[in-house]
2 protein chains.
Amino acid sequence: MSWAKALFEPRSVAVVGSASPGKLGRVLIDQLLAGGFDRVSIVGPKGHGALGVPGFRSIGEIASPPDLVIVASPADTVTGVIEDAGRAGAKAAVILTAGFSEVGKRAEEQALLEAARRSGVRLVGPNCAGIVNTKASLFPTLETRPPAGEVAFVSQSGALGGAVLAWAEEQGVGFSKFVSYGNGVDLTDVDFLDMLRTDDDTKVVALYVETVSDGRAFLAAAARLAATKPLVVIKAGRSASGGRAALSHTGSLSGSDAVYDAALRQCGAIRVAGVEEMFDLCRGFTTLPPVRGKRVVIVTNSGGPGVLAADAADAAGLEIRAPSETLRGRLAASEHLSALGSLANPIDLTVQGMEDGYREALVAALDEADAALAIDVNVPYLDSAPIARGVVAAARATGKPVAACFMAGRTVASALPILKEGGVPNFATGERAARVLAAMGRYESTRFAVRGSQCAVHGAEPAVRGAQFVVEADPKALRLPWAGEGLEPEALDWLESEGIPTPKRRLVTTADEAADAVGALGGSVVLKVVAAGILHKSDVGGVILGVETPAAARDGFARLRQVGGEGFRGVLVVPTVRGGVELLVGVSHDPQFGPVVAAGVGGVYAEVLRDVTLRVAPIDAAEARTMLDELRGAAILRGARGSRPRDLDAAAGLIAAVSFLPLRYDDLRELDLNPVFLLEDGLVVGDARVLRWGAAETCDRGGRP
Amino acid sequence: MSWAKALFEPRSVAVVGSASPGKLGRVLIDQLLAGGFDRVSIVGPKGHGALGVPGFRSIGEIASPPDLVIVASPADTVTGVIEDAGRAGAKAAVILTAGFSEVGKRAEEQALLEAARRSGVRLVGPNCAGIVNTKASLFPTLETRPPAGEVAFVSQSGALGGAVLAWAEEQGVGFSKFVSYGNGVDLTDVDFLDMLRTDDDTKVVALYVETVSDGRAFLAAAARLAATKPLVVIKAGRSASGGRAALSHTGSLSGSDAVYDAALRQCGAIRVAGVEEMFDLCRGFTTLPPVRGKRVVIVTNSGGPGVLAADAADAAGLEIRAPSETLRGRLAASEHLSALGSLANPIDLTVQGMEDGYREALVAALDEADAALAIDVNVPYLDSAPIARGVVAAARATGKPVAACFMAGRTVASALPILKEGGVPNFATGERAARVLAAMGRYESTRFAVRGSQCAVHGAEPAVRGAQFVVEADPKALRLPWAGEGLEPEALDWLESEGIPTPKRRLVTTADEAADAVGALGGSVVLKVVAAGILHKSDVGGVILGVETPAAARDGFARLRQVGGEGFRGVLVVPTVRGGVELLVGVSHDPQFGPVVAAGVGGVYAEVLRDVTLRVAPIDAAEARTMLDELRGAAILRGARGSRPRDLDAAAGLIAAVSFLPLRYDDLRELDLNPVFLLEDGLVVGDARVLRWGAAETCDRGGRP
């Protein structure tokens, strides 16, 4: 029997804990029975039964041994209980008991895990809020028993999980399964995502997570799941991005939350800001057919709310197109719609709009839209039921997604059951409905092209979606070709050996050599100090631009000699690049996800605005092109204000190539290429900084310390 | 009797319309009686009474004539009804009848207004949803009768107004007054804002508006109101910003919605995106004491929701500071809190936190915070009532604002009445509560310094807050000092005469003069074509930078001679400016608000990102400084990445000076100064473009066509 079957479809369950009134064991028994599951026994020191459930002193005494054990006994008994459970043949245990790693008792938790491994028992918890499988009427949890439905909810936090279950009925969301995994000593996010991918009772997976157990494995599992069904994620801790040491410029631009954000998008998950948005999306995904495009029509009986919804739709990336001539003709020909003054989008039926008007307007307009939003701002003296019937009929006739916003309160009470029965989700505001349609459309458009899924690691095509996130240690791993601190000359030589375009250059150590270099490199040059300990040359006056004469080069050399101080090794002379748009490209190392590649627009303005986009590395060139499109300053690369378009293919190729470097070079920690001059044809790296792992700082490439 | 008193506190009311069952007149009578107002009569063609209310054939027949008339009779009778009402001594009328300007009948609506003026009757409507005064038990409206409270709601849209009233009970918001003004032929937004400013029953004003009646008058009234009590505004039509012809660069950067956004902030109003946020804010403002700072402490019994709320608080601009050493000591000394593991913010009391724990933690933490958010993620087996009592006690003891988020559903049912009774508003999520505290704090911080209120128009100190928005036509108005198309030389000469720093320059008409100018202007110059019809010189190759020799100047002149074509007037030679940060400063004309001043960071990147901030003109230098602070690229001006800070005072002075120009020059329509080179000491205008009003396009300076 698999752990998943033992956990969610056990033939029988044993609860370990006190059966006395008010004690957790008793509450759990009560919940199980009230939920309709009676193949239960209770195990406690006194062997008392309760509520008609037989009691035992140990799991071994139970005649028909349980597949699943629910543990609520004191912390110091738990390891023994798991060993007993294993001996009795149980395959899974849910440990509600707290008092392990969350209060610093890591050794005890580790001992528990080892006992479970030895005993063949898979663990949920400890310190969790239990699980639910509504289909099996199984509710071993202290939380509110939620209504049945098609959403599976996985929550790292027990309390938040419980609040969601308690709120579900009011929000109109039902659950297939719920699991709170607490400290996650054994089974965690990755296991549940993999299990739910093939769970036929689950149409949507919602996940609340504070930190993921293993960044790369999580992304792989999330990518596999998201290709099959929607994955809605609340990741808490958006603001707590400080704290991490960032030595390179790329590193400082890649805050921990920004990496989470990129990683979640990259694997096709839908990140939401909070519980209300999660409920809204779950309702949309479970009730509506897929949203296969961005064109939305809004049909309303009141101007204002229609405009507010249109504003929100526009802000969410939907298209609110005006009706075509054909559609306008069709609407005007309808006896129920002919009186409409202006036929725009939103289509305002005015207070005249009733069952036929809504139905005909929606059916006609959905001919040239991918989804619709029906708004009824109801007045108390009007019956909203016929309007709901018209909306439902249109949804049925077209087979397209139709969301509703029937406002408000008691005045639309008669409509709500009709909408629900008809599979039309009703949202509190048109704005919320619009955001749901937008997110559903984005999901559909990325579902079959999860970002970077086509990318090959070390040339091998990944067999499974999400495989690019799984990076094995490479026995042939390379090392950076220099000892000690690498400065710009070493970095550029290395990049050149990797096939990355670098400038012509001379490293000079005398003023005479500097003067000679001007002519040799073509008339206008840049002088840059090369000195140990100087990482940010511009900040200390270590770069001199536009040097055009031998005399100026001598002067410049003298100044940089001063700047370099004791660590001075020479001056790097490179030709002035004209007409390039500056980019920055780099890799850094995220503690959770390992190597991360960044691309951004260069120059001080972009840096002040942090116009940078990230991906978990590696990625291919196609994915790198989508990164460039995401930049707020993307228009500059495409040729804004009369300038010519830049070589985006070259930029994408560079980003992809750079993204593989930290996976191929064992000791490469961070790399900044800044600026990269992107030309109309090709590019050239203007400066390069490399940070390598120190001897004490090695770290495997998946991000696990 | 004032119109406001007649409207909201009439001694008696006449309803004009059919008293037959199902007809609007009958419904209105029913509403009035059900609401508790019985000093009513009904006027219809047959003179029938209904529901015990006496009926008459005309208003003149009523023995004790009404102060207020509610009109629901057919459109073609309305003007006659108003004349009757005036003769009978009524001072106000609410016209629910539709069929006027909203269906194109402007002349009929104008005739109605003229009849009202002649008759001494002030009008609400036509095409409106009625009014409410809960204190007077007055509900002449077809919409749901809302609960009483301290929010006044003014809605341009009747339907949205009705939906808000119907939703109010569920949302826990009560109303003092409601008015839907529909077509607003007479009384509009401005009148109601002025009236509500001094209405003692109203603590907060909420406004839904699609277009304001008179931009400048609206801003003046809103500024006066917002200095007295909070004004929460939903302005629909955010996305519908296209359509407006924008000839200048400044104009194209100042979309209509962006001007609304700036104008609303400028007058101290709080713009919200939708009805839910409006309800949340109204609840916060009516129940909580003022939020006098940004420091918020979150006390919770569960990690996850606390973190989500902290994320939202951070994003909304609040500060979530860690407790001081002193506070940590105080918390650790409490018998109810001593068991807490880590004392951070959020303070997580864990499931152990009950009445005493919440009270003590909140009281202690509010010593160093301006507001608190108490979160209870309740489990079903826990009674939330004691927690609510602890929260209420802390709010009472400290007198500081404490918001709550008790999650969820039935599990916190026993807490909600305690919170309500204790004046602690409960929000659906911690995120929403955090956003309310943030908005309340922002209101408090700007309340006594409404932006630009100190600014003087023509040197006269405004006597009343908001006075700067009222611009009277100036009999001494100036005109631009040239005829026909003004090009850069005329524009620069004019700006110089206005005391604005312009570059040294020579307008040359031969290659020899161009060559001479190089030496005369200091070695490196810029050549710019001056030619009729060429407004955007860079886009046509009309600017040559970095010309350093007489030979290069001759070549450049020849090229620009070609570029200039038939309209060629010469070449403007100016010195190259080094080391300046580029700004753009300009004024444009908004159809709603009149002259608008814009400031932004220059350069192609900033322009692609539209990093521009706006104000309704004129403003003073202090306000201009706050504009510079709002720019996303503000750090560049203050000296980012090792560069030196720029002369922000000079920039602010320029912006303020420019903001007065369209008020002083009658024919100035739009002005672009782009780039302005902002130096470490002072600034210089790099280029100037002027658009003047054509003879056919004059428009008064308040924005009214």
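Every read-out reported here was derived from the displayed coordinates using simple, explicitly stated rules and does not represent laboratory data. Nothing here was measured: the structure is a model prediction, and the numbers come from that model. Positions of Cβ are backbone-derived with ideal geometry, glycine not excepted, and every protein chain shown enters the neighbour counts.
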### Query
Arranged from highest to lowest average of other beta-carbon atoms within 10 Å per residue, in what order do the peptides B:482-492, A:424-434 appear?
A:424-434, B:482-492
### Query
Residues of A:310-322, mean number of Cβ from any other protein chain within 10 Å of their own Cβ, rounded to a whole number?
2
### Task
Search the structure for amide H atoms under 5 Å from the amide H of B:ILE298, placed 1.01 Å from N in the peptide plane, and list their residues when 5 or more places away or on another chain.
B:ILE347, B:LEU373
### Query
Which distances, shortest first and in nm, link B:GLY49 to the matching position in the other copies, using label points set 7 Å out along Cα to C-beta?
7.6
### Task
Return the percentage of antiparallel bridges among DSSP beta bridges fully within segment A:3-240, rounded to the nearest 5 %.
20
### Query
For B:HIS589, A:HIS48, what's the fewest-to-most ordering of other Cβ within 10 Å of each Cβ?
A:HIS48, B:HIS589
### Task
Would you work out which of B:ALA551, A:VAL470, B:VAL27 lies farthest towards the positive end of the dipole of the protein assembly as shown? Charges go on Cβ: Lys and Arg +1, Asp and Glu -1.
B:VAL27
#### Entry: Relative contact order (%) - chain A, alpha-carbon pairs under 8 angstrom, separation at least six
9
### Partner lysines for B:LYS235 [C-alpha distance under 24 Å; skip if fewer than 8 residues away on the same chain]
B:LYS177, B:LYS203
### Task
Hey, could you grab the Kirkwood Rh for the protein assembly as shown? Inverse mean 1/r over distinct alpha carbon pairs, Å, one decimal.
35.7
### Task
Might you report the magnitude of the Cβ-based charge dipole of the protein assembly as shown about its Cα centre, with Lys and Arg at +1 and Asp and Glu at -1, to the nearest 20 debye?
1240
### Query
Rg and Dmax of segment B:504-575 over Cα atoms: what are they, in angstrom?
10.7, 31
### Query
Hey, for B:VAL540 with labels 7 Å out along Cα-Cβ, what do the inter-copy distances come to in nm, ordered shortest first?
5.1
### Query
What does the average come to when, for each residue of peptide A:604-614, you count the partner chain Cβ atoms lying within 10 Å of its Cβ?
5
### Summary
For chain B, whose charge dipole is built from +1 on Lys and Arg Cβ atoms and -1 on Asp and Glu Cβ atoms, the candidate among B:GLY215, B:ALA4, B:CYS282 with its Cα farthest towards the positive end is B:ALA4
### Query
Under the rule of -39500 (n - 2.57) per DSSP H run of 4 or more residues, summed and divided by the residues of chain A, what mean residue ellipticity at 222 nm is obtained, to the nearest 500 deg cm²/dmol?
-10500 deg cm²/dmol
### Message
What's the magnitude of the charge dipole for segment B:549-705 around its Cα centre, counting Lys and Arg as +1 and Asp and Glu as -1 at the beta-carbon? Answer in Debye, nearest 20.
### Response
400
#### Entry: Coil-residue trypsin sites (Lys or Arg not before Pro) of segment B:304-337, DSSP, other Cβ within 10 Å capped at 16
B:ARG321
### Task
Compute the FRET efficiency between B:ALA551 and A:ASP681 as 1/(1 + (r/R0)^6), taking r as their Cβ-Cβ distance and R0 = 30 Å, and round to the nearest 0.05.
0.50
### Task
Would you please name the GluC sites (Glu not before Pro) within segment A:281-346 that are DSSP coil residues with at most 16 other C-beta atoms within 10 Å of their C-beta?
A:GLU335
### Task
Could you state, as a whole-number percent, how many of the C-alpha pairs of segment A:161-241 are farther apart than 18 Å?
44
### Query
Taking every eigenvalue of the Cα gyration tensor of chain B, multiplying by 5 and rooting it, what semi-axes result, largest first, whole Å?
54, 41, 17
### Query
Among bridges DSSP assigns within chain B, what percent are antiparallel (round to 5)?
50
### Message
Out of all DSSP beta bridges in the protein assembly as shown, what portion is antiparallel? Express it as a percent rounded to 5.
### Response
50
### Query
Any idea what Rg and Dmax come out to for segment A:81-181 if you just take the C-alpha atoms, in Å?
14.8, 44
### Message
Whole percent per 5 Å bin, from 0 to the bin with the longest distance: what is P(r) over all C-alpha pairs of segment A:3-240?
### Response
1, 7, 15, 19, 21, 17, 12, 6, 2, 0, 0
### Query
What gaps in nm, shortest first, separate B:GLU170 from its twins in the other copies when you place the label 7 Å past Cα toward the beta carbon?
1.2
### Number of partner chain Cβ atoms within 10 Å, mean per residue of A:139-147
2
### Message
Suppose the chain between A:ASP200 and A:ARG578 were pulled fully straight at 0.36 nm per residue; how much longer would it get relative to their current alpha carbon spacing?
### Response
130.1 nm
### Summary
Subtracting the Cα-Cα distance of A:ALA322 and A:ARG11 from 0.36 nm times their residue separation yields 106.1 nm
### Query
What GluC sites (Glu not before Pro) does segment A:499-583 have in DSSP loop regions with at most 15 other beta carbons within 10 Å?
A:GLU548
### Query
What ranking of A:VAL272, B:VAL15 emerges when the number of other C-beta atoms within 10 Å of each C-beta is taken as an exposure proxy, fewest first?
A:VAL272, B:VAL15
### Query
Among the residues of chain B, which one places its Cβ closest to the rotation axis that maps chain B onto chain A, and what is that distance in whole Å?
B:TYR605, 2
### Task
Treating cross-link reach as a plain straight distance, find the aspartates and glutamates whose alpha-carbon is under 13 Å from the alpha-carbon of B:LYS294, omitting any fewer than eight places away in the same chain.
B:ASP314, B:GLU319, B:GLU368, B:ASP370, B:GLU444
### Task
Give the order of A:THR141, A:THR300, A:THR549, B:THR79 when sorted by the count of other beta carbons within 10 angstrom, beginning with the fewest.
A:THR549, B:THR79, A:THR300, A:THR141
